[in-house]
Amino acid sequence: MADAQATTDPTPCFHCGEPLNGEDRFAVEINGVSKPMCCPGCQAVASLIAGSGMAGFYDQRSAYNERPEQLIAAPAESFAPYDDPQLAQLFLRREADQQWHASLLIGGMTCAACTWLIEHTVQRLPGVASANVNLQQGRLDVRFDRDQLPCSALFTAVAALGYRVQPFEANARREQLALDYRQDLRRLAVAGIGMMQVGMFGVALHAGDIQGIASEYQGLLRWVSLIVASFVVIFSARPFFQSAWQHLKQGALVMDLPVALAIGLAWVASGWATLSGTGQVYFDSIVMFTFLLLLARFIELRSRRRDNGNWLDAQSQLPVTVTLQKENQWVQVPRLQIQADDRLLVTAGSVFPADGKILVGASAAREDAFSGEHLPRDIAPGDSVFAGTVNIESAVEISSYGTYADTRLAALQRSTESGRQGKPRLAGLADRLASRFVAIVLLVTAATAVFWSQVDPERALWISLSVLVVSCPCALALATPAALANAAAALRNAGILVHGDNALEALARTNHLIFDKTGTLTHGDLTVAKVIAISGQDAAEALALAGSLQQYSNHPIAEAFSDVDGKRQVESADYRIGAGISGVINGVTYRTGSVEFCRELCPALPQPPTISDYWIALVSEVAPIAWISLNDPVRESAAAVIQWGNAQGLTIELLTGDSSGQGPLLAEQLGISEVRAGQTPEDKLAHVSQLQTAGAVVTMVGDGLNDAPVLGRADTSIAMANAADLTRAQADLVMVDADLQIIPIAFRKARQCRRVILQNFAWALSYNACAIPLAASGYIAPWAAAVGMSLSSLLVVGNSLRLNRPVR
C-alpha cells in the first residue's frame, strides 16, 4: 500500500488545495475531523489556526490559501531588522495615547475570510489594541505596545499564517498593482487577437456551411482555429477555470463556474468535431465569449483600482530636503530625518516641512488647504505652523513637533483613508443574482443531461452543451459594466471624468447635495468688491492709490489689485508683515492694511462698515481716504445649479471651513437653506456620516485638501477642476472645467444609466427564461445557442451604447 501511494495523491490538501504527496502523510484535526495536509508548512499553519479557536476561517474562505512551506521555513530572525528604530520609521508612527501604529503590506489575501483570519490572529497577540485589514489595498493597520510586542514578532505572526508580509510603502503597493495590471492586459490582448483571427475563420466556415466548401479547406480552417482557440482558452481563460475550481472545491457556486463549463465543454466538443471531421465547431464563440468577459472585468478592476494609491502621495508637496541646525550650523538634510525638537529654517515662499512652533521671525502662513479660508494667518514666535502650508512673507525658524507621521497633514491622510474605508458600497445587482442563477443553470443542465441520456444518448451532450451555451451569463455580466462604460464616456465628452465604481448608481439615488464654499461655489480668488470713499474722496482715485502700494506686497491680498489702472510711482515703500504697506506718493505718505496699522498714521480713521466683508483701510498722513472691501466672487453658474437642485427636491447644504460671515451670506444669496460654517475636515466627515446613518444618500462637491476625507465618505463625490491632487484622487467624479452646470448633466446621465442597467437585467433574465427551456427541449442546436448568446450580449451592449449620446 505504501508503494502504491508513492505517487501523487489526487486528494487535495485541505489548506492550500495542492495534491497530497503519498510518501508523507500530514493531517490536522479541525472541528473534530482529520483533514489531510500536503506538507509541514500547511500542517503548521492549519494547526495554528485550529489551535487558536479560529477553525471557522475554513468555512468562510472562498478560495484556497497559498502554500506556506517556504514562508514557514524562514526563521523569525529574518524579521529582526524591523526592530531597528531607523528602519521602523518606514511603517511605524507614535499615536497620541503612546501606542504605536504599524502599516504592513500583506500578500496572498484572496477574500474576506483572509481579513477575518489575520485580524483575529493579530488581535490575540500580547499588547495589540486593534488590528484592521483593508483587503482592497492589501494593508494591515495595527495599534500595539512595542514593549510587549516587538515588530519582528508581529511580522512573524502574520507570516506564520502563510501570507507574505512587508512594510506598507507606496512603491511596493504600486509595483503589486502594476504587476496585476500587466497580467490582466496580456490576457485581454491575447483574447482580442485570437477573437479577430478565429472570427475570420469562423465567417469562412459558416459561409461554407451555406454555400459549400471543400472538406480539405474546412479541415484546415478548423485545425488553425483549434490551435488559436486552445491558446486563448489555456492562457486567457485560465482565471475562470481556476476560480471555478477553487470555489467548487469549497462548495461555493460563482458565476465563473458556468462560464468555465461553457468554455471548456464547447472547446472539447469543437476539438472532437475537428479530430473526427464531423459536427459543428464553436471556436469563434469561445474566443469572443472569453474576450468580452475579460474586457468587462478589466474595466471593472481598472475602475476599482484607479487612484487607489494616490492618497499616499500627499507628502510629495513637502520639500525633499530641509535646512536644519546642527552644532550651531545650518545644514541640508533629507526631510525624513526630522525628529522632535529639531530647529528648522523655512524661507519665504517655502512649504513648512513639519508641524512646529515659531522660534524666531514673523510671517504669514497660507492654510487654505486645511481651513478653506483664502486669507493667510499671521504667525509670530510661539504660534504653531503645520506641514503642507506655505510660508508666504519672510523666513522663520521653527522647532519641529516630531516626524511627518505626527503632522496634521498625516492625520488628514488617515482621516481620508478612514472615510474611504467606511464608504458604503452597494453590491451590484448582477452579484446578488449570480449564485441563484448559477445554481438554476447547473440544475437545469444536469436534469437535461440525465433526461436525454435516457431518451436519446447521442444527443445528450450536444443538448446539454446548448443549455450551457445559451444560458451563459455573458449578457448578465455585461449589463452593468457596458452601461457604466458608455455613460462614463458620455460624461467625459461633456467635461466630467468618472472614477468611482459605484459613482453613477449612487448619484442617481442622491437626495442630499452638499457644497463646499471657497473654490467650489466661489472662484477662490479675492477681488475688489466695493470702495467706500471717506470725506468725499474719489473712489477710483482711492483704488489707484491702494493698487500703487500693493505692488510692493507679496501678500495674497495684493493679487486683488493686480488689474487696477492708474497706478503711481511709490517711494520708500515699507512692507510690514501681518499689518500692511506704506509708501510716499507725490510727497504724501500713504498706508493701506489693517485698522491698527492705518490708525498709527491717521488716528481719525473711523470704524469699518458692518457688512460682513473683508475690509482694508487706505489713509494718508492728512486724512482717511477709503474703505476697500475684498470678496471671493460667486461662480456664474452657481445660482442656476442651486435652483435646479431645489426644483429636483434635493436637500442642499453648504459646508465651509470659512468661519467668517461669508458662508451664511452666500447661502442666503443662492437660496441654500442649510449652512454650516467654520467646519474642520473632521466636522465635515462626522456630519456626512450622521446624514448617512439617518438614511440620506449624499453627494459632496468640493475642491480643497480639507475636503478629501468627506469626499471619500460621501456616497458620491465630485471634485472641481482646480482641486488638490489628494481631493481629485478621492473623488468619484472630477470636473474638467469649473462650470457647475455639469452637475445637473451628471445627475441626468446617472439616472438614465440606472434605467438602462435595469433594462439590461430585464432582457438578460427574460432571454434566459425563454431560451433555456427551448434548448433543454432540443429545439436549439449548439451553433444556434452560440448565436443566441452572442446576440443577447450584443443587444445588451447596443442598449448601453445609447448612453454614449451627447448629454443634454
FRET E, pair R182, A489, Förster distance 35 Å, beta-carbon r, rounded to 0.05: 0.90
Go through P681, T656, A694 and say which Cα lies farthest out towards the positive end of the charge dipole of the stretch 642-722; charges sit on Cβ, +1 for Lys and Arg, -1 for Asp and Glu. A694
The FRET efficiency for V320 and V584, from their Cβ-Cβ distance with R0 = 41 Å and rounded to 0.05, is 0.40
Could you order V450, V528 by accessible surface area, starting with the largest, using a probe radius of 1.4 Å? V450, V528
By how many nm would the segment from S215 to A694 grow when fully extended, if each residue of separation counts as 0.36 nm and the alpha-carbon distance is taken off? 165.4 nm
Note, E596: beta-carbon cut-off 14 Å, +1 each Lys/Arg, -1 each Asp/Glu, net +1
Could you put K749, K530, K35 in order of accessible surface area, largest first, with the 1.4 Å probe and the full protein assembly present? K530, K35, K749
What length, rounded to one decimal in nm, is gained on full extension from A439 through to I234, with 0.36 nm per residue of separation minus their alpha-carbon distance? 71.2 nm
In the neighbourhood of A449 defined by beta carbon distances under 15 Å, the net charge of the other residues (Lys, Arg +1; Asp, Glu -1) is -1
Heavy-atom accessible area with a 1.4 angstrom probe orders M288, M720, M200, most exposed first, as M200, M288, M720
Solvent accessible area, Å² - E668, 1.4 Å probe, full protein context: 140
Dividing the surface of the Cα convex hull of the stretch 603-758 by four yields a projected area in nm² of 11.9
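Using the crude model of +1 on Lys and Arg Cβ and -1 on Asp and Glu Cβ, and no other charge, please compute the dipole size for the stretch 498-623 relative to its Cα centre, in debye to 20.
200
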With 0.36 nm assigned to each residue of separation and the Cα-Cα distance removed, R802 to E600 gains 65.8 nm
One finds, for F451 and V33 with R0 = 35 angstrom and r their Cβ-Cβ distance, a FRET efficiency to the nearest 0.05 of 0.45
What distance in nm lies between label points placed 7 Å from Cα along the C-beta direction at L791 and K530? 7.2
Might you work out the accessible area of F79 for me, using a 1.4 Å probe with all protein chains in place, and round it to the nearest 10 Å²? 30
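The values are calculated or read from the model by the stated rules, or taken from the named source; none is laboratory data. As the structure is a prediction and not an experimental result, all values here were calculated from the model. Heads up, the Cβs are rebuilt from the backbone with ideal geometry, glycines too, and the neighbour counts pull from every protein chain shown. The protein model used for the area step is the full one, side chains on, heavy atoms only, and it has no ligands, DNA or RNA in it. Shrake-Rupley method; radii C 1.70, N 1.55, O 1.52, S 1.80 Å.
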